[in-house]
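Asker: Can you keep this structure in mind? I'll have questions shortly.
The values are calculated or read from the model by the stated rules, or taken from the named source; none is laboratory data. Here the structure is a predicted model, which means the values were calculated and not measured. Glycine also receives a Cβ, built like all others from the backbone with ideal geometry; neighbour counts cover every protein chain displayed.
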Amino acid sequence: MRRMLMIWLMAACLPDVDALAEPPAGTRIVYPVDEAIMVYVPGGEFIMGIDKADGDTIAAHLGFKDASAIWALEAYPKRTVVLPGFFIDECEVTVERWQNYIKATGVVLKSRETSRHFDNPAARQFPAGEILWEDAGKYAAWAGKALPTEAQWEKAARGTDGRFFPWGNDPPSVEHGHFGQKGKRPGLYVPVGRYPKGASPYGALDMLGNQYEWTADRKKLYPGHQLDPDDPQTEKVKQYCDGSSVVLRGGSWYHGWISFYGAKRFGLNPDETYYHVGFRTVWIPPAGYFESPEFEKSRAAAVR
């Protein structure tokens, strides 16, 4: 059984998934290594990024003057992107899963934000925090998965219709995620999965609020980006999108309402982190997976 599992994981990098065999969007599995519930995002086109009109509308929803005030320029231009199908963790990696990883590998980490919860059963479902980019990548590699690209993360959050938020185009509310109130920061992060009304079209939870989430990509201007010389943030955007930092997505309870929209990009140096920084992982199933006994077993295990 272990040998068969490793064969499937070694083949996970193959993107040639037969679209005709794809299960419905949002199909849930229990991934066998870290036992995370993952949801399926079918292959195909989606709308990535936003334009200025979108940015102005989002800014109004979030209580800001205009697109420039929420740094929307970093998410221009709006365009169509094509991706193969993939699974993404339903929720952020939790304290419990992080502790299991530590036990399985014996790795020694500098961060204590997550490990301070290890002996507290009530904290097992908190999202892991103060995670370095390199350490998040090592967890993903251990599990046979990967950190999501920006495109994967954004499609999982926004679906295919260009919606502003995972749940649609209505402004964020206290029912959609761990946001707090405009101008008033909430308490520390909360257990994952508490906000089903904030689910994305594929059933991914906490895509906005709770923790920032590492991606696999460096922060650069998107292809086709035309910087607006009239936008007061232009020079800073050029500086912040020079490829030296790594992109985080999903906003965070700490950063506040400026970050609570699906196209929002934030960046940190790869050797920098904070207690409101975590991650989730993705997995591209190999060809033939959806006809396999392993898929049926993993799908049955995810039935609530």
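Asker: Take Thr234 and tell me if it is surrounded by fewer than 17 Cβ atoms within 10 Å (Cβ to Cβ), more than 22 Å from Phe164 (Cβ to Cβ) and of a type in the set (Ser, Thr, Tyr).
Answerer: yes
Asker: Starting from residues that are under 20 Å from Asn210 (Cβ atoms), basic (Lys, Arg) and surrounded by fewer than 18 Cβ atoms within 10 Å (Cβ to Cβ), keep the ones in the range 88-143 and report whichever is modelled with the lowest pLDDT.
Answerer: Applying the filter and picking the extreme gives Arg112.
Asker: Whether any residue in the range 7-27 is modelled with pLDDT of 95 or more, under 18 Å from the mean Cα position of the chain (by Cα) and not hydrophobic (A, V, I, L, M, F, W, C) is what I want to check.
Answerer: yes
Asker: Also, I was wondering about something else. Criterion first (of a type in the set (Lys, Arg) and free of Cβ contacts under 8 Å to residues at least 60 places away in the same chain) does Lys65 satisfy it?
Answerer: For Lys65, the condition - of a type in the set (Lys, Arg) and free of Cβ contacts under 8 Å to residues at least 60 places away in the same chain - is met.
Asker: Further question on the same structure: Are any residues in the range 221-278 charged (D, E, K, R) and more than 19 Å from His176 (Cα to Cα), and if so, which ones?
Answerer: Asp228, Asp230, Asp231, Glu235, Lys236, Lys238, Asp242, Arg265, Asp271, Glu272, listed by residue number.
Asker: Return the residues of the range 77-112 that are assigned to a loop (DSSP other than H, G, I, E, B), within 20 Å of the chain's Cα centre (by Cα) and over 30 Å from Gly224 (Cβ atoms); say none if nothing qualifies.
Answerer: Those that are assigned to a loop (DSSP other than H, G, I, E, B), within 20 Å of the chain's Cα centre (by Cα) and over 30 Å from Gly224 (Cβ atoms): Glu90, Cys91, Glu92, Val93.
Asker: Say we look at the range 110-160 and pick out the residues that are touching a Gly at 6+ places or on another chain (Cβ under 7 Å) and small (Gly, Ala, Ser); which of these is nearest to His276 (Cα to Cα)?
Answerer: If we take residues in the range 110-160 being touching a Gly at 6+ places or on another chain (Cβ under 7 Å) and small (Gly, Ala, Ser), then Gly129 is nearest to His276 (Cα to Cα).
Asker: Within the range 242-291, can you find the residues that are surrounded by fewer than 20 Cβ atoms within 10 Å (Cβ to Cβ), in a strand (DSSP E or B) and touching a Ser or Thr at 6+ places or on another chain (Cβ under 7 Å)?
Answerer: Leu268
Asker: Could we say that Ser200 is more than 21 Å from Tyr101 (Cβ to Cβ), part of a strand (DSSP E or B) and among the polar types (S, T, N, Q) here?
Answerer: No, not satisfied.
Asker: Let me ask something additional. Looking at the range 137-168, which of its residues are within 19 Å of Lys264 (Cβ to Cβ), more than 12 Å from the chain's Cα centre (by Cα) and small (Gly, Ala, Ser)?
Answerer: Hits for the range 137-168 are Gly159, Gly162, Gly168.
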